[in-house]
Structures are given as C-alpha cells and as structure tokens.
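In what follows, a structure is listed as structure tokens, so that the remarks can point back to it.
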Amino acid sequence: MHTIPDKDSATRRSPGASFSVPPSAKVLDSVQLAELERTFRAWATDSPRRDVRWSRQRILLIFLLIRHTGAKLNEILDLKAGDIDLERRVVTLAGEDMEKARTVEIPDDLAEELRTALKKGSHAPDEALFRIDPAHVRRKFYEQAEACGLPREFGNPSTLRRSRSVELLRGNLPLHVVQRLLGHSTPNLTAAHLDVSEEDVHHAARQYVDRESRRRTSARNIFFGKITEIVTGDIQSEVTLLTLGGLNVVSVITNASLRRMRLKVGMFVTAEIKAPWVLLAGPEGADQSSAENRLPATVVEISTGKVNTEVLLRLADGTEICSVATTASCRRLGLHPGDQAWVLFGAYSVILNHEAC
C-alpha cells in the first residue's frame, strides 16, 4: 500500500481540516467550481460569430474574477483597466468607495487572460472594463449553472463569493486574512487585536493562489480533487477521487491509513503516481489491461535513452503524465509525438496525500 505517513497532531491543528459548512448553505466546492468554469469556457467559444464570442468572453472574465477574488459583482463591473496590475498579478477592488479599496491576488493564468483582453479592447487606464447590465450578467450566470447541472441559484454571484471564502478557509488561510481579502469587517474583538500587516496578508494570499494554480495546471503525475466514494473492506479500502479536471482516479489503501488520515467522502486530497508505475498502451490497448485507472492521452514528447525512455503525455484536462519504461518496450509500442495513447496505472500505485492540501 502506498500512502504518505500521516502526522496526527498536524492534522488536528490544521484549520481547514476541521472547517465545515452547514448542509443547507449554498456553496460550491473546488471541483464544482472547476466544472462550472469548463461549462462557461465551452459556452464562450460556442458561436460562429466573432462579436458574440467576444461578448461571452467578457462574461467569462467576470465569472473568473469573482471566482478567484471573491469580489462582489458591482466591484468587478466597476473595475477600470488601471485597477489591474498584471506584473504584480493583483487587482484593486474599490467600487465607488476608494477609502475601502483593497488589493487581491489573482492566478497567473487569469492574469494572462486579462492581458489578452486588455490588448484586444485597447482600454485607457481610467476606462471601465465591463460596461454590462448587472441583470444581464446574473442571467448568464444562472444559465451556465443550469447548463452545468446545478440548481439555478448556484450561479448567483453572491454564491460564488461565498464559495470562494469557504475555499480559502478550507485551504487553511487564516480567518482574518480571508476577511481582509473579501473586504469583510473584522468578525470579533479577538481578531480585531491581531496585528497583521498588509504585506503579511498578501504574502499568505500569494502563496495560496500560487499553490492553487499548480493544482489547477496540474503538476506532472499529480491530481487534486474530492473524494466521491470510499469502499471499505476487511483490510483495505478503495478510494475514488474526482479531480478538478473531471477525471476519476482510484486508489487502494489500508484501513489503518484511512483512519490515520481521517479520510471521508467530500474531503479534498492529492493523488500522485510515480513515473515508473505509469504504463502505456496504444489506441486500442486499454481494454486488455487490468489497471483500475485508464485515461486517454496525447503523446507530447519522447526522450529516448540507451536503457530507459521517458514519455510525456497530456490528458484531456491538460494534466501532464510522465511515464518511464525500457527503451525496448517503448519501441514495441511505436508511439510518436501527437499520437493517441492510453495512460494506465493500478489503484495500488496511487499515493494519497491529505497534508499537502
């Protein structure tokens, strides 16, 4: 069995480990937010007309800004080009009250999308980016929530803002940092006496956003997602993970590890597969394998050595998977960059890690 050793005391001290949300609360978790984003992106490009695609792209950017900053809809609609600092990867949110302005970190990929939009729109620094009726934005948000299979109200910008705050807290950002980032007033007198500088707030936020970006862009052979099912046997348990990219990954661990890590359905974990444990098959070869995890991929790069060969592949969600095998076996497959292939790995090869989440 392959599991990362669990440190019980560290888990108990982790704020995110014990953070819970009432079942009745309208909150989307990271996997649901990722699925909603995919729905938005598919919709934004699904038109033959360039003007319609550009209009939808602006709605997508509004969604992404709310999703990653936790801002109010009116704060995003009031954004000016000069409020976005692409070099520092931050946006300044103020609305109509500059005295309450705050700076919030954004991920690298969103910064690049904003850079492209700013170039395309040729906006002056004091020019509003989104001259759009709030009711129209809400209507489109509701439509995409329904298209994603969610209840209509889960597309409400306030729900996205609430979801971001919960996501940050589950990610172990201190409450007072989350409050500052979202522009909330201090929740209690104890928190009010915490002397936290703006530099400390933004350092903590930048570390979290960068870690979050690495999950989303998927470091090689690593998945991040939510446990959707646990089947417990006499000695071992099968754990199924739904990744941010919408893939299912299965791991088998001992029941002792399950207890030590306190794993349960709905918890977020990372799953890692070492390159030598990743097997490859040609386009028609997956059905002949007993591997629990079988994922279609595209060959990106092949580095051939005298004894071993490293093959880099990309899954449908953009995750890069590296496989190392003997050069002779790779030659038998006859794969080349651009070819379709199958990535195969057994459930016993999947390392689960809760501490790194």
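Read the figures in this text as sums done on the coordinates, not as results from a lab. Everything numeric here is computed off the predicted structure, so don't read it as measured data. So basically every Cβ, Gly included, is an ideal-geometry build from the backbone, and we count neighbours across all protein chains shown.
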Compute the angle between helix 157-170 and the longest alpha-carbon principal axis of the chain, please, reported from 0 to 90 degrees and rounded to the nearest 10.
60 degrees
Could you state the angle between the C-alpha long axis of helix 134-147 and the longest principal axis of the C-alpha atoms of the chain, as a value from 0 to 90 degrees rounded to the nearest 10?
20 degrees
Computed log₁₀ I(q)/I(0) - Debye formula, equal Cα scatterers, no solvent, region 250-315, q 0.25, 0.26 Å⁻¹:
-1.21, -1.26
Suppose R0 equals 41 Å. What FRET efficiency, 1/(1 + (r/R0)^6) with r the Cβ-Cβ distance, do ALA286 and GLU153 give to the nearest 0.05?
0.55
Residue separation times 0.36 nm, minus the C-alpha to C-alpha distance between GLU127 and HIS203: what's the value?
24.4 nm
Mean ellipticity per residue at 222 nm, deg cm²/dmol - from DSSP H runs of n ≥ 4 across the chain, formula -39500 (n - 2.57)
-11500 deg cm²/dmol
How far apart, in nm, are two points set 7 Å out from the Cα along the Cα-to-Cβ line at THR45 and at VAL231?
3.5 nm
Scaled by the rule-of-thumb 2.2 N^0.38 Å, the alpha carbon Rg for region 19-217 gives a ratio of 1.01
Could you give the distance between the Cα centres of region 241-263 and region 28-78, to the whole Å?
30 Å
Calculated FRET efficiency for the pair GLN340/LYS274, C-beta based, R₀ 41 Å, to 0.05:
0.95
Per DSSP, the loop-located trypsin sites (Lys or Arg not before Pro) within region 115-151 having at most 12 other beta carbons within 10 Å are ARG131
Modelled label-to-label distance, ARG262 and SER303, 7 Å Cα→beta-carbon offset: nm?
4.0 nm
Let me know the charge dipole size of the chain about its Cα centre in debye, to the nearest 20, where only the beta-carbon of Lys, Arg (+1) and Asp, Glu (-1) is charged.
300 debye
What distance in nm lies between label points placed 7 Å from Cα along the C-beta direction at ARG314 and ARG53?
1.8 nm
Using only Cα atoms and rounding to the nearest 10 degrees, what angle (0 to 90) does helix 30-45 make with the longest principal axis of the chain?
80 degrees
Tail fraction, Cα-Cα pairs, region 222-353, threshold 25 Å, whole percent
28 percent
16 Å reach of a label modelled at THR92, 7 Å along Cα-to-Cβ, counting backbone N of region 100-130:
100-106, 124-129
Pairs on different chains or at least eight residues apart, Cα atoms closer than 23 Å: how many lysine pairs in the chain fit?
18
Calc'd 3J(HN,Hα), region 57-72, phi into Karplus 6.51 cos²θ - 1.76 cosθ + 1.60 (θ = phi - 60°), Hz, glycine/Pro = x, comes to 4, 5, 5, 4, 5, 4, 4, 5, 5, 5, 4, 9, 9, x, 6, 6
Highest-MSF residue in the chain out of THR270, THR240, THR116 [GNM, Cα springs under 10 Å]:
THR116
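Under the rule a/c < 1.5 gives rounded, and otherwise a/b versus b/c splits prolate from oblate, where does region 113-160 land using the Cα gyration tensor?
Details: a/c = 3.29, a/b = 2.29, b/c = 1.44.
Judged from the Cα gyration tensor, region 113-160 comes out prolate (a/c at least 1.5, a/b above b/c).
Semi-axes of the equivalent ellipsoid of the chain: what are they in whole Å, largest first, if each equals the square root of 5 times a C-alpha gyration tensor eigenvalue?
38, 27, 19
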